[in-house]
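Okay, structure first, notes after.
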Amino acid sequence: MAVKTYGIDLGTNTIKVYKKGEGVILHERNIIAVENKKNVKAIGDEAYEMNEKAPVSIKVVSPVRNGVIADIGNMQRILTGVINKINGGKKSTSSFYIAVPTDITSVEKKSFYDTVLASNSKIKDISIVEKSIADALGVGLDITNARGVMVVNIGADTTEISIISLGGIVLSKLINVGGNKLDESIKLYVKKKCNLAIGNKTAETIKKSLASALPGSNETITVYGRNIVNGLPAQMEVDSEMVYEAIKEYLHTIVDSIKVILERTPPEISSDIIESGIYVTGGSASIKGLDALIGTNTDLRVNICDKADSTVVEGLGRIIEEPDLKELAYNMKQMTIRR
């Protein structure tokens, strides 16, 4: 029986799967709806539709928080459902490549391994890939030579900043600022300034429509929520300047962290980064003016990557498809030695 090979990116907001020879075959929300604490009602996009609308008997949760698996039981349930879906409900022998953040503990990395191991699949082997390595490969960079590159991945709960050279990570920093923090800040700002309570989905929609890293935009959208004064449903216009005021502090935190890494970067790699610039990926890379904000504060060219929210899984795909890149992945025994 032929062995199927998959690359899996277990993100905070989304789970993405790459299949050898076929490309990215799944890109859904990493969320689960559980009824009465035991029965799986839905996973993925279907569960996301239930979020903030479900009755009290159904709990909708995201098992990955701050870049690590916080709820192993539910993560295993999601992954089992995903593997059943991509295998058509049949058990098949499979190899897996998993992307994990660099700046987490070996125990936290092992939880990714254990989650895949416990899924409903016949497993041939499981390999681990540092997320920033996969990220750089997904951008299309050659990271196996002595030329240094800088990649900034702005995810849902975290931002990972990495300097990479010779197939390894020279420097990295993981900060707990990401798209979800921006959403929460928008919710609080709208509540404070407009007396309007909105949900997480609405805050995310506002961010995607109006968020800008620089002041001066003049766009508006109509949003719906609950008036906190009289408790009744209400609608209101939210403008881009309000959104900028809500998120600017977090964006500057990301910029300051980039500058810290640049200050610690070896001079020879700094010269490489001056030539190539900074590569920005992740779901929040599409915020308008982000390249200008980072560029102004670092005096470097900033490259906002195409399909920025899928670069990690695309990088896993390159490792799967290109034999010369296999050495960038490692197993659990090698992880113990590396730590």
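The values are calculated or read from the model by the stated rules, or taken from the named source; none is laboratory data. Remember, predicted model here, so these are calculated numbers, not experimental data. All Cβ positions, glycine included, derive from the backbone under ideal geometry; neighbour counts span all protein chains shown. For the accessible areas, the whole protein counts, side chains as well, though only heavy atoms, and no ligand, DNA or RNA atoms are used. Shrake-Rupley method; radii C 1.70, N 1.55, O 1.52, S 1.80 Å.
Which residues, counting only those in the range 230-253, are touching a strand residue (DSSP E or B) at 6+ places or on another chain (Cβ under 6 Å), open to solvent by 50 Å² or more (accessible area, probe 1.4 Å) and of a type in the set (S, T, N, Q)? Passing the criteria: only Gln235. Taking every residue in the range 60-81 that is under 21 Å from Lys201 (Cβ atoms) and pairing it with any residue that is open to solvent by 30 Å² or more (accessible area, probe 1.4 Å) and among the polar types (S, T, N, Q), at least 6 positions away or on another chain, the pairs with Cβ-Cβ distances below 8 Å are Val60/Asn51; Ser62/Asn13; Asn66/Asn176. Of the residues examined, Asp256 is not one that is surrounded by fewer than 18 Cβ atoms within 10 Å (Cβ to Cβ), without any contact (Cβ under 8 Å) to a residue 24 or more places away in the chain and not in a helix (DSSP H, G or I).
Evaluating Lys16 against the criteria (1) in a helix (DSSP H, G or I); (2) touching a His at 6+ places or on another chain (Cβ under 6 Å) leaves one unmet condition, (1).
Checking Ile78, Ile8 one by one, the residue that is closer than 26 Å to Asp103 by Cα and either in a loop (DSSP other than H, G, I, E, B) or in contact with a Pro (Cβ under 8 Å, 6 or more places away or on another chain) (or both) is Ile78 and no other.
Here Val302 clears all of (1) open to solvent by 60 Å² or more (accessible area, probe 1.4 Å); (2) farther than 28 Å from Lys20 by Cα; (3) under 20 Å from the mean Cα position of the chain (by Cα) except the condition numbered (1). Set side by side, the residues Gly289, Gly295 differ, and just one is out of contact with any Ser or Thr (no Cβ under 8 Å at 6 or more places or on another chain), small (Gly, Ala, Ser) and at pLDDT 95 or above, which is Gly295. What residue, among those in the range 86-117 that are free of Cβ contacts under 8 Å to residues at least 12 places away in the same chain and hydrophobic (A, V, I, L, M, F, W, C), is most open to solvent (accessible area, probe 1.4 Å)? Restricting to residues being free of Cβ contacts under 8 Å to residues at least 12 places away in the same chain and hydrophobic (A, V, I, L, M, F, W, C), the top hit is Val107. Looking only at the range 171-208, residues that are of a type in the set (D, E, K, R) and under 20 Å from Leu232 (Cα atoms) come to 5 in all.
Per the listing Glu46, Glu52, Glu28, the residue uniquely open to solvent by 70 Å² or more (accessible area, probe 1.4 Å) and either part of a strand (DSSP E or B) or in contact with an Asp or Glu (Cβ under 9 Å, 6 or more places away or on another chain) (or both) is Glu46. Condition (residue is farther than 16 Å from Tyr6 by Cβ, of a type in the set (Gly, Ala, Ser) and buried (at least 21 other Cβ atoms within 10 Å of the Cβ)) applied to the range 63-85: is it met by at least one residue? Yes, the range 63-85 has at least one match. Might you let me know whether the range 45-67 holds any residue that is in contact with a Pro (Cβ under 8 Å, 6 or more places away or on another chain), at pLDDT below 95 and under 28 Å from Thr159 (Cβ atoms)? Scanning the range 45-67, I find at least one residue that is in contact with a Pro (Cβ under 8 Å, 6 or more places away or on another chain), at pLDDT below 95 and under 28 Å from Thr159 (Cβ atoms), so the answer is yes.
Screening the candidates Lys85, Lys109, Lys91 for the property of being of a type in the set (D, E, K, R), modelled with pLDDT under 95 and in contact with a Gly (Cβ under 9 Å, 6 or more places away or on another chain) yields one hit, Lys85.
Taken together, Lys91, Lys124, Lys109 contain a single residue that is closer than 28 Å to Glu322 by Cα and in a helix (DSSP H, G or I), which is Lys109.
Take the residues of the range 94-119 that are in contact with a strand residue (DSSP E or B) (Cβ under 8 Å, 6 or more places away or on another chain) and charged (D, E, K, R): which is nearest to Leu171 (Cα to Cα)? Applying the filter and picking the extreme gives Asp103. Of the residues making up the range 261-296, those that are outside any strand (DSSP E or B) and open to solvent by 60 Å² or more (accessible area, probe 1.4 Å) are Glu263, Arg264, Pro267, Glu268, Ile274, Glu275, Ser286, Asp291, Thr296. The criterion of at least 3 residues that are among the aromatic types (Phe, Trp, Tyr), free of Cβ contacts under 8 Å to residues at least 12 places away in the same chain and open to solvent by 20 Å² or more (accessible area, probe 1.4 Å) is met by none of the strands (runs of 3 or more DSSP E) wholly inside the range 130-228.
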